[in-house]
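Colleague: Next up is a structure, given as structure tokens.
Nothing in this text is a laboratory measurement; each read-out follows from the coordinates by a stated rule. What you see is a predicted model, and the numbers here were worked out from it, not measured in a lab. Positions of Cβ are generated from backbone atoms using ideal geometry, with glycine treated the same way; all protein chains shown enter the neighbour counts.
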Amino acid sequence: MWKYFLPTRVFSGTKTISHNNELFREIGTNAFIVTGRSSAIKSGALDDVQEVLDALDIPSTLFDEVEENPSFSTIEKGGKMLSNSACDFVLAIGGGSPLDAAKAISVVGKNGNCSCRDLFGGKDLPAFPIVTVPTTSGTGSEVTQYSILTDPEGSKKGFGMPSTFPRISFLDARYTVTMPVDVTISTALDALSHSIEGEAVNKGQNPLVKMLSKEATKIIKQSLREVLKNENDVSSRERIQFAATLAGIVIAHTGTTAVHAAGYPLSSFKGIKHGMANALMLIGIFERIAKTDPNRISGAIEPFTDLDELNAFLQEFGVGRVSLQLSEEEIEKWSDQTSKASHLKKTPGDFDKQFFVNLYKRIISD
Ligand code: NAP
Ligand code: FE
């Protein structure tokens, strides 16, 4: 038995926003634009959006304060600004951070006195309609309901509601060309991680998810090298963007595993980019799953033939060169937290606190 659900309309191609500009009229009359500090401008996406909104006489308000790993305080500030405005839809431009922030801001802004903590209460809340324009190719946030935020203690927490699926996402790979090389690599490895973690959860049960995962992994395996050889080549960027979106559809159905949970503190407290943090955790966790269920892992990483080949691929993109020092206290605290994370329910095998202590020790630099 399986089901498939994707309420997001996806439009892809060069200048897709201007070619499909009439869609904005269906979404709303006044836009609340959410971005990071500079990527929306550098990528050219904000200019293109602004031109279309101006041509349609749709007014807009800009909130351009979203940081990497968005905090509760940024969401609450944006949410207040949205609820005090006349805006009736949210337009997110950027990487996963602005896209995730926009989803949370949309809920907080729609629900008057709601705070960030209320997003995690397990209740579905309404949101303003959300439109996304991704400028990275990694998180899949353009096709997921998820929003990952950082609480005041520095812990990353995710929520998702039916209302936080974007209504429309515009994919124009030209906007991803300006990514710095470390962001290109990290985001592609995040997409790879979604693809194979999702299939490790799915285990072939949903044939559509299986198909999307296999295709996403294949494209990243084939095209990431090409992107790095010629960073200005829009067609190879387009392939990685497509793969990231496929992998996003995968995790919209499956969620992610302990790989994501174990990587979160590295981003919150050590500044390691999200996709790179996953890549550091992937092999150790997959080796452990393979101990109890080897077929699950060989199916999940297809078309990589085994974990050695996957590891060699990750090493090629610098995973082994990440320099990291962790204190005993950090290892203790994060291992304890990770061993209790909800992601563990989706991670078959024997994962106790000691496993994560060993895993964190394994990635410390000599
Ligand atoms: P990001 O945090 O959105 O951006 C990383 C950096 O890249 C920022 O400095 C950003 O600049 C810059 N940047 C982005 N696009 C650029 C472009 N085209 N040109 C130049 N610079 C660019 O990176 P991300 O990896 O896409 O998102 C990571 C976040 O997504 C994490 O918080 C992670 O937990 C979350 N996530 C969400 C999901 C989901 O399903 N929703 C899944 C996985 C991860 P600015 O600061 O100027 O924007
Ligand atoms: Fe991720």
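Colleague: Considering only the other residues whose Cβ falls under 12 Å of the Cβ of residue 269, what net charge follows from Lys and Arg at +1 and Asp and Glu at -1?
Modeller: For residues surrounding residue 269, the net value is 0.
Colleague: Rank-order 208-214, 139-145, 222-228, 183-189 by packing density, defined as the average count of other C-beta atoms within 10 Å over each peptide's residues, highest first. Walk me through the intermediate numbers first.
Modeller: On the way: 208-214: 21.0, 139-145: 26.9, 222-228: 17.7, 183-189: 25.0.
Packing order, densest peptide first, comes out as 139-145, 183-189, 208-214, 222-228.
Colleague: Here's something else I'd like to know. In degrees between 0 and 90, to the nearest 10, how far off the longest principal axis of the chain does helix 234-254 point, with axes built from Cα atoms?
Modeller: Around 80 degrees separate the two axes.
Colleague: Let me ask another. Write down the percent of antiparallel bridges among all DSSP beta bridges whose residues are both part of the chain, to the nearest 5.
Modeller: Looking only at bridges with both residues in the chain, the antiparallel portion is about 20 percent.
Colleague: Which of 319, 90, 181 moves most in a GNM of the chain, Cα contacts under 10 Å?
Modeller: Highest fluctuation of the listed residues: 181.
Colleague: So what J values fall out for the range 327-344 if you push phi through Karplus, 6.51 cos²θ - 1.76 cosθ + 1.60 with θ = phi - 60°, rounded to Hz, Gly and Pro as x?
Modeller: Working through the residues one at a time gives 7, 4, 5, 4, 4, 4, 5, 5, 5, 4, 4, 5, 5, 9, 5, 5, 4, 5 Hz.
Colleague: Let me have the 222 nm mean residue ellipticity of the chain computed from DSSP H runs of 4+ only, each contributing -39500 (n - 2.57), with the sum over all residues rounded to the nearest 500.
Modeller: Value at 222 nm, helices only: -16000 deg cm²/dmol.
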